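Working notes, beginning with the structure itself.
The values are calculated or read from the model by the stated rules, or taken from the named source; none is laboratory data. For clarity, every value in this text was computed on a predicted model and none was experimentally measured. Cβ atoms come from the backbone with ideal geometry, glycine included; neighbour counts cover every protein chain shown. SASA here: full protein model, heavy atoms, side chains in, ligands and nucleic acids out. Shrake-Rupley method; radii C 1.70, N 1.55, O 1.52, S 1.80 Å.
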Amino acid sequence: MRSALVMASGAVVSACATRTLNLAAAPAPIVPVPQPSPIPAAPQVVKSTRTAPGNIRPELFKRAIAALDRHSVRIASHDRIAIADFATPSHRPRFHIVSLGSGEVQSYLVAHGIGSDPEHTGLLHSFSNAVNSEATSEGAFLTSDYYVGKHGDSQRLLGLDPTNNNAFDRAIVVHSAWYSNADMIAKHGKLGRSQGCFAVGERELAKVFERLGPGRMIYSAKV
């Protein structure tokens, strides 16, 4: 799935020239009426009971909703969010996309970063926001545009918190990887590791992109 966000800018040009010799007969100048600045479109807020779905721990869901409220102005769509539960080992589906209106959840396997699990235990041990750490970061991310990079179809992310505000500079994105496929669990009992990106299975990426899309929140935590 490939898509792009295209930003457009416009300029208003006004000119006024008076070429008349009989100033007394000239009509009174028209004074332009100041126009208010455009009001940004309100975020798409979906009414929700805000009760944690059965397969998401209540405290983690509570923190994700608090992050959505905290960053609501920057997040355009509030109908769905993704929650990456890094207290769960990598052999279990832990990337949850939640429809806040209905409580419906789709869950996927997702890898964590090498720097977060240097011994490759299958468990995330620590987060980092440092450049070159190859670690997973915690906090709220804003999904941005799609592009094709070294991992194929990918989606850029913007870190919204001090714990992940280097995400863009670190090229932390959503992409697919062979080491996040389900057959890794049968062979090794765990997924491989990313360089800090949210790497999902190769057959799952299109589903994740379709459900997530640009302008929504991913919340990454270990609670």
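Some observations on this one:
- Boolean, Gly149 is open to solvent by less than 50 Å² (accessible area, probe 1.4 Å) and without any contact (Cβ under 8 Å) to a residue 40 or more places away in the chain: yes
- Residues of the stretch 107-128 that are open to solvent by 10 Å² or more (accessible area, probe 1.4 Å), more than 19 Å from Glu59 (Cα to Cα) and not in a loop (DSSP other than H, G, I, E, B): Tyr108, Ile114, Gly115.
- Members of the stretch 129-145 that are touching a helix residue (DSSP H, G or I) at 6+ places or on another chain (Cβ under 7 Å) and either of a type in the set (Phe, Trp, Tyr) or open to solvent by 50 Å² or more (accessible area, probe 1.4 Å) (or both): Glu134
- Enumeration of residues in the stretch 154-171 that are of a type in the set (Asp, Glu) and open to solvent by 30 Å² or more (accessible area, probe 1.4 Å): Asp169
- Residue match in the stretch 57-74 (condition: in contact with a helix residue (DSSP H, G or I) (Cβ under 9 Å, 6 or more places away or on another chain) and closer than 16 Å to Leu212 by Cβ): no
- The set of residues in the stretch 82-98 being free of Cβ contacts under 8 Å to residues at least 24 places away in the same chain and more than 16 Å from Arg63 (Cβ to Cβ) consists of Arg92, Pro93.
- Among the residues making up the stretch 182-205, those that are open to solvent by 60 Å² or more (accessible area, probe 1.4 Å) and part of a helix (DSSP H, G or I) are Asp183, Ala186, Lys187, His188.
- Flag for Ala87 being open to solvent by less than 20 Å² (accessible area, probe 1.4 Å) and either in a helix (DSSP H, G or I) or modelled with pLDDT of 95 or more (or both): no
- Hits in the stretch 130-181 (condition: among the β-branched types (Val, Ile, Thr) and in a strand (DSSP E or B)): Thr143, Val148, Val173, Val174
- Among residues of the stretch 183-203 being under 19 Å from Phe86 (Cα atoms) and of a type in the set (D, E, K, R), the one that is farthest from the chain's Cα centre (by Cα) is Lys190.
- Entry remark, the stretch 62-84: residues being surrounded by fewer than 15 Cβ atoms within 10 Å (Cβ to Cβ) and among the acidic types (Asp, Glu) number 1 in total.
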